Amino acid sequence: MPLSPTFLRTAIAIAFVKTAAPALPWSASVVKIHVTVQRPNPVLPWQDGPPNAASGSGFVIQEGGKRRLLTNAHVVSDARYLEVQREGDARRFPARVAFVGHDCDLAVLEVTDPAFWDGTRPLRLGSTLPALDEQVIAVGYPIGGNRLSITRGIVSRIDYQVYSHSEVDSHLVLQIDAAINPGNSGGPVLYRGRVVGVAFQGIRGAQNIGYAIPIPVIRHFLDDIADDRYDGYPDLGVTHLTLRNPALRRAAGLPPDRSGILVARLDPHGSAAGRLQPGDVLLSIDKVPIRDDGTIRIDGQPVEFIELFERKQVGDNVTFEVWRSNTVHRIALTLVPTSPAFHFGSTYDTPPPYFVLGGLVFSPLSRELLIALQRQLNTPQAQHLLYAWLFGRADGLHETDQERVVLIGRLPHPINAYADPFVMGAVASVNDRPIRSLADLPTALASPINGFHVIRFHDRPDFLALPAKEADDAWPEISDRYRVLASQRLPSPPQTASP
Amino acid sequence: MNASVFRRFASALLGIALGLPSFAETDHEREEWPALRWTVFPLRVTAQRTVPAQPWKKESPERRTGYAVAISSNRLLTVESLVRDHTLVELGQSETARFVGIRVVRADRERNLALLDVTGTPFEGQLHPLPMADRPALNRSGTLVHIVEGGAFQKGAALLLRGLMEGTDESIPPIPALSFLSELPVNGNGAPVLMEGALAGLVARYETASRLGVLIPGCSLRRFAEEANSDTYRGAALAGFSWAPLPDPALRAFLRVPAAVTEGVLILKTRAGSGAATLLQPNDVLIEWDGHPIDHQGYYRDDWLGALPFPALIAFSSPGQDIPIVWIRNGERHQGTLTLSATANLSTRVPAYDPTPPPWLIEGGLIFRDLSGDYLRAAGANWLMRANARLVRLFLAGRDESALNGERVPILVSVLPDAINVSYQEISDAIVTHVNGTPVQSLMDIRAVRARDGAIERVRVSHLDVELVLDREALAEANARIADNYRIPVSP
């Protein structure tokens, strides 16, 4: 069959491109990640939203003799189907998430097909951060094309910032003036050929400002999973005041030649609980002196003292020098993970728990729920939810309760015809049993009061009474009418993290 | 057809369309207008709201105009919303350009009424009071009066439609009022509606688009006028309980309300020190108030106004009045007599609004005041979401709690940055629990400690377990410096 002129022109063009553009040094290391994502529906927690296709970047690393891919957690969160594709290779290989750290927005992927790894070259991780004004490059697959993209820039700032994936965790970030666009996420940021960051977020509306997760955070994540489990960052659980105020220093009895910070409150679930006391002055951490403004010097640079914790793992020990009762004490403590209670970071990879009783839908308070219901939050009924979200930890709600259980909606049925005023209420008790988590509901519902389920709410004096038997009997009709396949999805029992 | 005739024709058509009496048959034709120039007066108010977070400051002056109506030779009534936060209240006369500053004797935000006095002004002894129409008839028209440019009175029919409960503010209980329909686009609140030569009510608000307005009726005016003259004014009557409708058959059964009893509302809470606290308990079902059955939505049948929420009966009463009530508790019927309390005698832990001016105190740049609804509402339209959630929660709980010993929620509003308060400058909206080691429950307590000790050296707030410490030696100088830098008058 003769070749058409169009075919010939295309073939010549491809041949020209292939000969004109030698393979990039990173094409054996950086991959494109194709992902199909389905986010849960926090308002109808028994069903998910529609599947959406997305893509990101990743790169080959070698840790402990194993080749794997490193990328951002947000690239693979809530993934239903995951494929990876190498530069210049039409094949896509199924992959799975081996480890994910939503608090640091990093994930490690595994690909079981050995063909994928043929000819790959792991990137080497740097050991230190580049200095300001040093030139770096970002490599990845940003939107607008299927071929590898490289952008150059300089390190313009190294700072702490909230990671937008979890919305609550702050870690070190590397700010660069190279463009980082959607699709770049998960790609390496290289300095002198070594990885010093993973591209992960930008600023909407700002030009040429991109952020990368810097090498200390990457190293922390990889070290954490070395035992095949991700524990996350430890939580000291200390609220402090700086001691820049001379009167406060004097009240703390601190001699003029000492410096430190004042322990103002302790989280009962934090690492310092039971070891430190309010009124203690933290003089040093692991022999590094803490200055009155809360900074320490690392590598000659002043940084927040909390940065030392960034380098610690759950289970590590930390030693403080503490000024207490006009004496210096050395207090060692073992670091524990952050308690999830009333933390309200974004939730991924876990379908929202729920419980349906007589058409009333209960679910734990979460960031996703608040966002979904935000238009209804400007009411006295919902105010408790905002309070629990913003001040739950500071005011110690987590000392007794694991979560706030919310009546998030009503599937209308005659049994619940008068329940609307209670929607958005946070459940305090059911049948006079305190509800400290959704998992408490089944037990509480086993003991109706005089044939009624009596549901009381935080911060409101009125209550609901549902006829217990009728509420149970209504389930088949409610299930069928609203296509709710199961009346409950309770959370798994909490896993205890060994320190 | 000229405009006036056309308007009259159109309003007559409207009346026919609504099945209402024709405006042509109203009383306004029979009024004696010359007498009104000494009865209905234009009012000019300069108002300045306090900045809640910096209570020594006032916002830009706001000008309001409306009306006041004479009720004696020296006194007038108007609506409180007109004179709220007044800096200057001036009374004018319809036919002259003369405006004279007058005194606000009493302004009650909960009743939305204010009593004004002209003693010592050229108006003294000159006013021609109007009698009050205690219960103006519904479905009849009165005469709405206002003053137009040039000082001429303009009149129009106002058809009284129905009774309702009018809320001026979400944190203040609604008051009974009358809705009216008028073709006259009334140009100020406080304008009177006259009926058969008597004052039927004062306009509390009017919407030009719908031509509907709300009137505070004569009986409410009369009661306020009588009580506001007293030196021991006690405010509106207060029953001292919160309640909720009780339509849910399941909840009624759980509360053991007999099936034969279909009426009644659920008692949620009673306020300490109130008459209700001596009789009622949470989960009681109140079925009768002063001889009126209360339905499960909380409505009663008023002889005059028809179906109204039963709190109207409380608003129509006076503090100290004894009210027979009937309630069901644990399936048993009970009856008793509830003595109404007075709002002035039973203040709440977190008041809905500030006194004018709100008390405050600054020491070492730390701004102290008591929490109030006004303070939170300063966050804007969505204040329930935007104001500090910890304080909003306290407000929602504390607005129904009696403050029998003057308890409030003292707060550290914010810190004016200065060398004396470094380390504390990011603290704001914090609840103050101790000052100089002494527990405090109000700004008054904080002031007392300061007066006792001569300075505020140590402050404890609820979310920290250590004290904020100020350098006593440097305090006087710092206070002067802060006052100078931030242009703060001497703290009251």
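At-a-glance table
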{"quantity": "Any hit, region B:262-269, residues being in contact (Cβ under 8 Å) with a residue 12 or more places away in the chain, more than 26 Å from B:Thr343 (Cα to Cα) and either away from chain A (no Cβ under 14 Å) or not hydroxyl-bearing (Ser, Thr, Tyr) (or both)", "calculated": "yes"}
{"quantity": "Which numbered condition A:Leu248 fails, given (1) under 29 Å from A:Trp389 (Cα atoms); (2) part of a helix (DSSP H, G or I)", "calculated": "(1)"}
{"quantity": "Index of the failed condition, A:Val75 passing every other in (1) touching a Gly at 6+ places or on another chain (Cβ under 6 Å); (2) surrounded by fewer than 23 Cβ atoms within 10 Å (Cβ to Cβ); (3) not aromatic (Phe, Trp, Tyr); (4) not in a strand (DSSP E or B)", "calculated": "(2)"}
{"quantity": "Residue check for A:Ala264: within 11 Å of chain B (Cβ to nearest Cβ), among the small types (Gly, Ala, Ser), under 28 Å from the mean Cα position of the chain (by Cα) and on the phi < 0 side of the Ramachandran plot", "calculated": "yes"}
{"quantity": "In region B:418-455, residue nearest to the other protein chains (Cβ to nearest Cβ) [restricted to those that are among the acidic types (Asp, Glu) and free of Cβ contacts under 8 Å to residues at least 24 places away in the same chain]", "calculated": "B:Glu426"}
{"quantity": "Single residue of region B:456-472 satisfying the filter (assigned to a loop (DSSP other than H, G, I, E, B) and at the interface with chain A (Cβ under 7 Å from one of its Cβ atoms)) that is nearest to the chain's Cα centre (by Cα)", "calculated": "B:His463"}
{"quantity": "Test: residue in region A:221-231 that is without any contact (Cβ under 8 Å) to a residue 24 or more places away in the chain, out of contact with any strand residue (DSSP E or B) (no Cβ under 9 Å at 6 or more places or on another chain) and away from chain B (no Cβ under 13 Å)", "calculated": "yes"}
{"quantity": "Selection count where residues are part of a helix (DSSP H, G or I) and within 22 Å of A:Asn378 (Cα to Cα), scope region B:383-438", "calculated": "14"}
{"quantity": "Spans of strands (runs of 3 or more DSSP E) in region A:404-499 with at least 1 residues β-branched (Val, Ile, Thr)", "calculated": "A:405-410, A:427-430, A:452-457"}
{"quantity": "In region B:85-118, the residues that are surrounded by fewer than 20 Cβ atoms within 10 Å (Cβ to Cβ), β-branched (Val, Ile, Thr) and part of a strand (DSSP E or B)", "calculated": "B:Thr87, B:Val100, B:Val104, B:Val105"}
{"quantity": "Residue check, B:Val392 over 24 Å from B:Lys269 (Cβ atoms), within 14 Å of chain A (Cβ to nearest Cβ) and surrounded by 18 or more Cβ atoms within 10 Å (Cβ to Cβ)", "calculated": "no"}
{"quantity": "Where A:Ala272 falls short, out of the listed (1) within 14 Å of chain B (Cβ to nearest Cβ); (2) part of a strand (DSSP E or B)", "calculated": "(2)"}
{"quantity": "Strands (runs of 3 or more DSSP E) (entirely within region A:124-220) containing at least 1 residues that are touching a Cys at 6+ places or on another chain (Cβ under 9 Å)", "calculated": "A:170-176, A:210-214"}
{"quantity": "The lone exception for A:Trp46 - which of (1) at pLDDT 95 or above; (2) assigned to a loop (DSSP other than H, G, I, E, B); (3) farther than 23 Å from A:Thr350 by Cβ it fails", "calculated": "(3)"}
{"quantity": "Single unsatisfied condition, A:Asp420 versus (1) out of contact with any Gly (no Cβ under 9 Å at 6 or more places or on another chain); (2) buried (at least 18 other Cβ atoms within 10 Å of the Cβ); (3) over 25 Å from B:Asn388 (Cβ atoms); (4) within 14 Å of chain B (Cβ to nearest Cβ)", "calculated": "(2)"}
{"quantity": "For B:Ala253: the one exception among (1) outside any strand (DSSP E or B); (2) away from every other protein chain (no Cβ under 14 Å)", "calculated": "(2)"}
{"quantity": "Enumeration of residues in region B:334-347 that are part of a strand (DSSP E or B) and without any contact (Cβ under 8 Å) to a residue 60 or more places away in the chain", "calculated": "B:His334, B:Gln335, B:Gly336, B:Thr337"}
{"quantity": "Flag for A:Val263 being of a type in the set (Val, Ile, Thr) and assigned to a helix (DSSP H, G or I)", "calculated": "no"}
{"quantity": "Qualifying residue in region A:427-445 (condition: within 13 Å of chain B (Cβ to nearest Cβ) and buried (at least 21 other Cβ atoms within 10 Å of the Cβ))", "calculated": "no"}
{"quantity": "Qualifying residue in region B:151-158 (condition: of a type in the set (A, V, I, L, M) and touching a His at 6+ places or on another chain (Cβ under 9 Å))", "calculated": "yes"}
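This table checks each residue for (1) in a loop (DSSP other than H, G, I, E, B); (2) among the small types (Gly, Ala, Ser).
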{"residue": "A:Asp292", "(1), (2)": "yes, no"}
{"residue": "A:Val303", "(1), (2)": "no, no"}
{"residue": "A:His329", "(1), (2)": "no, no"}
{"residue": "A:Pro340", "(1), (2)": "yes, no"}
{"residue": "A:His343", "(1), (2)": "yes, no"}
{"residue": "A:Phe362", "(1), (2)": "no, no"}
{"residue": "A:Ile371", "(1), (2)": "no, no"}
{"residue": "A:Ala388", "(1), (2)": "no, yes"}
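The values are calculated or read from the model by the stated rules, or taken from the named source; none is laboratory data. Computed from a predicted model, the values in this text were never measured in an experiment. Positions of Cβ are generated from backbone atoms using ideal geometry, with glycine treated the same way; all protein chains shown enter the neighbour counts.
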